[in-house]
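The values are calculated or read from the model by the stated rules, or taken from the named source; none is laboratory data. Keep in mind that what you see is a predicted model, and the values were worked out from it rather than measured. FYI the Cβ positions are ideal-geometry reconstructions off the backbone, even for glycines, and counts take in every protein chain you see. Heads up: the accessible areas ignore ligands, DNA and RNA and are worked out on the full protein's heavy atoms, side chains in. Shrake-Rupley method; radii C 1.70, N 1.55, O 1.52, S 1.80 Å.
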Amino acid sequence: MESKVIRTTNDFLHILRAARRVSTPLICARTADPASALGLIQESLNGKAESVPVTVWDILSGLRPANAAAKENLCRVLDERDPSTVGPTDALVLAAGMADDSVLVFSNAHRFWHDPAVAQGIWNLRDHFKSTGSMLVLLVAPGAALPTELSQDVLVLDEPLPSADDLARIVKDTFAAAEIDEPAPDVGRRAVDALLGLSAFPAEQALAMSLAKSGLDTEQLWERKRQVIEQTPGLSVWRGGESFADIGGCENIKRFLGAVLAGEEAPRVVVFVDEIEKAFAGTGTDLSGVKTEMTGTMLSWMQDREADGVVLIGPAGTAKSAVAKAAGTAAGIPTIAFDFGAMQNSLVGASGERLRSALQVVDAVSSGRSLWIATCNSIGVLPPELRRRFTLGTFFFDLPTKEERDTIWKIYLAKYGVAGARPDDEGWTGAEIKECCRKAYRLRISLPESAQYIVPVSRSAAEQIKALRQQASGKFLSASQPGVYQIQDGAVLPKAGRAFRDLESAG
């Protein structure tokens, strides 16, 4: 069965109740907080939480009652057997003897369901539980994918991470438990923003550890949140702190992103994907099917969430990544680096689970409003349907003009505290100007001397830049000037700088 799109805890609870009402026998609940999911399962019993037997199985405790009604039921099923000795397969066999209307919660089912005996035991309960009104709930990690043989028989639900309203209640309750006055509205709002994306338990823990009698340490709370997010494979929170003011040139894309970040339905998080073409190269042709599955997951997620995005394409060193990283700082929102490579696994299902888990975190952190910024050195390998998901356009970053280079020099001369005559910088990128200043500072040499250790990309990748310009002309937006990028008639790549001409003549 397809997983249902669930936005709030109330939606999750509503679907659980509906499933219970029509005697749905098999449910897979993907959750980051099993204790919370168990509580919602009990709450969904339509006012019969005390009379419906709810039994829980886990690998250490075996079978144990979750409420009073399950005790008698469990004693009858086990007879004289020690409940802690019941393994995963035995638990499913014994479940067939439980009373009508029972609920069996199977913990960490994704760790066991690839065992043929366990998969068969789950399937065997389908018709029996349907006839008795009972239900098997498989509690699994976010993103877990059912085995193929069960995918048509199990209803998949994703328990959402706490909403802003849920977190506001946690903030209020935690302040009260610490005997601290209720936070002012702006403090409470900042606390909720810092907690979005965490499940209830780590949110409570992070908040409690960031509280003192003097008030809330918001920066410490953010740091704890970053640490929790980074436990998800492939996610990291950017801490660089760059701003648009640190980037010379690229005025059109900076102006455009500034408007997006300050406009209606403004994003609550920036998701940065570096060199996206490498992540999706081979889609449809990789023998393992990993890339194809991940592409399909991304396409569905971005369409369902109506996620906005831009693609930044251009030669290496032209500030694409710098612009993406600075976007979050410009709006005062977090920038999450999204690394598809770190999510990939040789097993198709494992890669999909990691990707879905990461997307669930992004969804929660952003409250459904995320801005995706992907950099790219060659857009041809990106699947066309994925490019269309980046609805805000594709921007081309050309080599900086003389005026842009002058601005970039000012930024990095001031940053590294170097001065003196500038080298011939024709054809240089911003990254090369930065490196020239950095080398001059570190090696205590002049800028012209430092330039002798720089190989401009306009020299080392001349043909690739020419091809990129031709590909972008008339098709992509310009990162520097308003409107569509147009290559100038007869335009040629800049010649190598003076330092290289001197080296060539010396050779």
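Annotations
- When nucleic acids and ligands are ignored and a 1.4 Å probe is applied, Tyr412 ends up with an accessible area of around 40 Å².
- Cα-centre dipole for the chain with unit charges at Cβ (Lys and Arg positive, Asp and Glu negative), debye to 20: 1260
- Gain on full extension, evaluated as 0.36 nm per residue between Thr391 and Glu223 minus their Cα-Cα distance, stands at 57.3 nm.
- Expected 222 nm ellipticity per residue - DSSP helices of 4 or more, -39500 (n - 2.57), all of the chain, to 500: -14000 deg cm²/dmol
- Set of aspartates and glutamates near Lys213 by C-alpha distance (under 16 Å), chain-local residues within fewer than 8 positions excluded: Asp173, Glu179, Asp181, Glu182
- Looking at the chain alone, DSSP beta bridges between its own residues are antiparallel in about 20 percent of cases.
- Cα centre as origin, Lys/Arg/Asp/Glu Cβ charges: segment 149-188 dipole, Debye: 120
- Counting only protein chain heavy atoms and rolling a 1.4 Å probe, the accessible areas of Glu353, Glu204, Glu219 rank, largest first, as Glu219, Glu204, Glu353.
- Among the listed values (i) 31.6; (ii) 29.7; (iii) 22.6, the one matching mean projected area of the Cα convex hull in nm² as calculated from this structure is (ii).
- Qualifying lysines (Cα of each under 26 Å from Cα of Lys439; at least 8 residues distant if same chain): Lys320, Lys325, Lys402, Lys410, Lys415, Lys495
- Heavy-atom surface of the chain, accessible at 1.4 Å and reported per residue (Å²): 47
- With all protein chains in place and a 1.4 Å probe, the accessible surface of the chain carries 51 percent carbon and sulfur.
- Shape of segment 323-385, Cα gyration tensor, a/c cut at 1.5: oblate
- A simple spin-label model places the labels of Gln231 and Cys75 3.8 nm from each other, with each point 7 Å out along Cα-to-Cβ.
- Shape category assigned to segment 188-308 from the gyration tensor of Cα positions, a/c cut at 1.5: oblate
- Loop-resident sites, segment 165-221, for trypsin sites (Lys or Arg not before Pro), counting at most 11 other Cβ within 10 Å (DSSP): Lys213
- The rule of thumb for compact globular proteins, 2.2 N^0.38 Å, goes into the C-alpha radius of gyration of segment 78-164 1.15 times.
- Segment Tyr441-Ile180, length gained on full extension (0.36 nm per residue, minus Cα span): 88.9 nm
- Value of relative contact order over the chain, rounded to a whole percent, pairs C-alpha under 8 Å and six or more apart: 14
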